[in-house]
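Encoded as C-alpha cells, the structure appears first; notes follow it.
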Amino acid sequence: MKFRAICAFLLVVCPASLRADELEKSRLDNWHQWRGPQATGVAPNGDPPVKWDAKTNLKWKTALPGRGSSTPIIWGDNVFVLSAIDTGRQAEAKDIPAPDPKFVGDKKTKAPTNYFQFVVLCLDRQTGKVRWQQTTAEKVPHEGHHETHSYAAFSPITDGKFLYVLFGSRGVYCYDFAGKLHWQRDLGRMETRYGWGEGCAPALHRDTLLVNWDHEGHSFIVALDTRTGVVRWKVDRDEVSSWATPLVVEHAGKAQVVVNGTKRVRGYDVATGKVLWECGGQTVNAIPSPVVSDGLAICMSGYRGSAARAIPLDSTGDVTEKPAWRHDRGTPYVPSPLLLGGRLYFTQGNTQLLTCLDAKTGKVIYDRERLPGLTSLYASPAAARDRIYLCGRDGTVLVIKAGDKVEVLANHSLGEGIDASPAIVGKQLFLRGEKHLFCIAGE
C-alpha cells in the first residue's frame, strides 16, 4: 500500500512540477508581459543585433491600424499588439457618454464624438503578417487623452495559453491564441487627472489576473480568476491617478503584488489583497513600474520632483521613514527603470540624462550622463546580454554598453516616432513606431 501511495503521489505531483518548470523556461524565452519575462526590461536569453539599416537585419515591417503606444508581447510564433482606431464615424447621441459633473472642471482634454474600435492583433513572428484581428469594443470614449498619449497604452499579458487584454474603461478581455473570446468583464469608468488618458498593464500570477485602477474617482486593485473573469477580491486604494503597472513577486513563500502610487507604494498579498507594507515619498503622477532585486522592491517617480525608494519585501506596516535606501535626484517621469546585472539604469524625467545605481545599496555608479543623439524619451529601456537599447520619441534608437560609463555602440533612426518600449526575444528586437511594427533580427 505504501508503494502504491508513493507511486500515486509521484504521478500527481511530478507532472505539475514539470509543467511549472517548463512554463518558467518558456517565459525566459519569450516576452509575455510588459517589461519582459522577469519584469526588469531584460531578455535573459536575448541576443538581437547591435546594428541594422533598411537593407541589413530588418526582418520585416508591418503597418498597424489606428494608434497605440503599448509594447507588443511575444509568445512562440505569436506577436500580440493593441491599437485604437478612430472610425471617423459620428456617434449617435445615445452612444455619447454624458460627462460626470464631479470631473468636468478638471478636464484639459476634449472627449471625442466619434466611434473608436479597440482592437487586438496577432501577427506571425517570422513574417509580420496579421494572423487575426479582433475588435474588443466599438465605443465613444468618455474623455480625451494627452496629445502624446493614446487610447491603447495597455500592454497585454499571456500565460502561454490565453491572452489577457485590458482596455481600461472599455473592459478586460480573455482570448485564446486563435482569437476566440472566452470572457470579458467591465470594471467601470475611469476618470483620469486632467483627462490625460488611461494606461496601466495588468499583472499575472498563476491563475490570478491583477488590475490596478487608480484614478480621480473610486480607486481600487482587483484580482480576477483567469479562467472565468470572476472577481476573487477587490481592495480600495486611497490613491489618485497613476499609470504604474503592478509587479508580482514571490518572496519567503508568499506571492505579493507591488503597486507604485502617488501617495504610497504598497505590497499586497496576492491571495487575499491584504496590505503587507506601505511606503510614502513618491511624486505626483506615479508612472514607472517597480522592479525587485535582492529582496528589495524599488519604486521611482519623477514629475515635479525626484524619488526612488528601496523597500525590503519582508517589511510590515508603514516603512516610510526606514527604506533600505533612497535616492532623490534624476529619477524618471514616464520611462521605467532597467534592472541589469544588479544595476539600475534610468533617465531623468523624460530626458537624455542617464543614471546608474547599485540596486542593492543605492550607491551611485554614474550620475546623469548625457546620452548622445537622444532628446526626449517615453519608452523604457530594454536590454540583452551587456547591451541596452534606448528609444527616443523622434525615432532615434541608441545602443549602449552596460557598465561603469556610457559607451555608445550604435545610433539608428527608425524613420518614425517611438513611444512604445522595445521587446526582445532571441535574436529579434521588436520596435513599435507611430505607424509600423518593426522586427530587427540577426542571423
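The values are calculated or read from the model by the stated rules, or taken from the named source; none is laboratory data. All values derive from a computational prediction rather than experimental measurement. Neighbour counts are summed over all protein chains in view; Cβ atoms, including those assigned to glycine, are modelled from backbone coordinates with ideal geometry.
Can you name every residue in the stretch 407-443 that is basic (K, R) and closer than 16 Å to A383 by Cβ?
Result: K427, single match.
Might you check whether a residue that is at negative phi and at pLDDT below 95 occurs anywhere in the stretch 413-424?
For the stretch 413-424, residues at negative phi and at pLDDT below 95: present.
Any idea how many residues of the stretch 21-59 are more than 24 Å from the chain's Cα centre (by Cα) and part of a strand (DSSP E or B)?
2
Can you say whether D236 is at pLDDT 95 or above and in contact with a His (Cβ under 9 Å, 6 or more places away or on another chain), as far as the supplied structure shows?
yes
Consider R264 carefully, then state whether it is closer than 26 Å to Q117 by Cα, among the charged types (D, E, K, R) and out of contact with any helix residue (DSSP H, G or I) (no Cβ under 9 Å at 6 or more places or on another chain).
Against the criterion (closer than 26 Å to Q117 by Cα, among the charged types (D, E, K, R) and out of contact with any helix residue (DSSP H, G or I) (no Cβ under 9 Å at 6 or more places or on another chain)), R264 does not qualify.
If I filter the stretch 354-376 down to residues being among the aliphatic types (A, V, I, L, M) and buried (at least 18 other Cβ atoms within 10 Å of the Cβ), which single residue comes out as farthest from V397 (Cα to Cα)?
By that ranking, first place goes to A359.
Within the bounds of the stretch 91-112, is there any residue that is surrounded by 21 or more Cβ atoms within 10 Å (Cβ to Cβ) and of a type in the set (F, W, Y)?
No, because not a single residue in the stretch 91-112 is surrounded by 21 or more Cβ atoms within 10 Å (Cβ to Cβ) and of a type in the set (F, W, Y).
With respect to the numbered conditions (1) outside any loop (DSSP other than H, G, I, E, B); (2) under 19 Å from W34 (Cα atoms), which one is the sole condition not fulfilled by E369?
The failed condition is (2).
Among the residues of the stretch 300-345, what is the count of those that are of a type outside the set (A, V, I, L, M) and assigned to a loop (DSSP other than H, G, I, E, B)?
Selection size over the stretch 300-345: 22.
Among (1) buried (at least 20 other Cβ atoms within 10 Å of the Cβ); (2) modelled with pLDDT under 95, where does V284 come up short?
Exception for V284: condition (1).
Could you give me the residue pairs with C-beta distances under 6 Å whose first residue belongs to the stretch 22-51 and is farther than 14 Å from I74 by Cα, whose second residue is of a type in the set (V, I, T) and buried (at least 23 other Cβ atoms within 10 Å of the Cβ) wherever it lies, and which are 6+ apart or on separate chains?
T40/V291; P48/I424; P49/I440
Could you please give the count of residues in the stretch 104-151 that are of a type in the set (G, A, S), in contact with a strand residue (DSSP E or B) (Cβ under 6 Å, 6 or more places away or on another chain) and not in a strand (DSSP E or B)?
Matching residues across the stretch 104-151 total 2.
If we scan the stretch 106-129, do we find a residue that is among the hydroxyl-bearing types (S, T, Y), touching a residue at least 12 places away in the same chain (Cβ under 8 Å) and closer than 28 Å to N45 by Cα?
Scanning the stretch 106-129 turns up at least one residue that is among the hydroxyl-bearing types (S, T, Y), touching a residue at least 12 places away in the same chain (Cβ under 8 Å) and closer than 28 Å to N45 by Cα.
In this structure, is T62 at pLDDT 95 or above and of a type in the set (V, I, T)?
yes
Which pairs turn up if I take residues in the stretch 350-362 that are more than 15 Å from L338 (Cβ to Cβ) and look for partners that are part of a strand (DSSP E or B) and not basic (K, R) with beta carbon separation below 7 Å, at least 6 apart in sequence or on another chain?
K360/S293; T361/W325; G362/A310; G362/W325; G362/H327
Answer with yes or no whether S306 is within 22 Å of E369 (Cβ to Cβ), surrounded by 24 or more Cβ atoms within 10 Å (Cβ to Cβ) and among the hydroxyl-bearing types (S, T, Y).
Judged against the criteria, S306 is not a match.
Is it the case, given these coordinates, that A286 is over 22 Å from G199 (Cα atoms) and among the aliphatic types (A, V, I, L, M)?
No.
So how many residues does the stretch 395-414 have that are touching a residue at least 24 places away in the same chain (Cβ under 8 Å), out of contact with any His (no Cβ under 9 Å at 6 or more places or on another chain) and part of a loop (DSSP other than H, G, I, E, B)?
4
Residue check: is L123 surrounded by 18 or more Cβ atoms within 10 Å (Cβ to Cβ), under 22 Å from the mean Cα position of the chain (by Cα), over 27 Å from S242 (Cβ atoms) and at pLDDT 95 or above?
Yes: the conditions hold for L123.
Quick one: what pairs do we get from the stretch 301-321, first residue over 24 Å from Y345 (Cα atoms), second buried (at least 19 other Cβ atoms within 10 Å of the Cβ) and among the aliphatic types (A, V, I, L, M), C-beta under 6 Å, 6+ apart or different chains?
V319/I311
Pick from the stretch 233-253 the residues that are of a type in the set (D, E, K, R) and surrounded by 18 or more Cβ atoms within 10 Å (Cβ to Cβ): which of them is farthest from A271 (Cα to Cα)?
In this case the residue turns out to be E239.
Does V292 qualify as being crowded, with 16+ Cβ neighbours inside 10 Å and in a strand (DSSP E or B)?
Yes.
Mind checking which strands (runs of 3 or more DSSP E) fall wholly inside the stretch 188-269 and carry at least 2 residues that are in contact with a Lys or Arg (Cβ under 9 Å, 6 or more places away or on another chain) and either free of Cβ contacts under 8 Å to residues at least 60 places away in the same chain or under 22 Å from K161 (Cα atoms) (or both)?
In the stretch 188-269, the matching strands (runs of 3 or more DSSP E) lie at 208-213, 220-225, 231-236, 254-259, 265-269.
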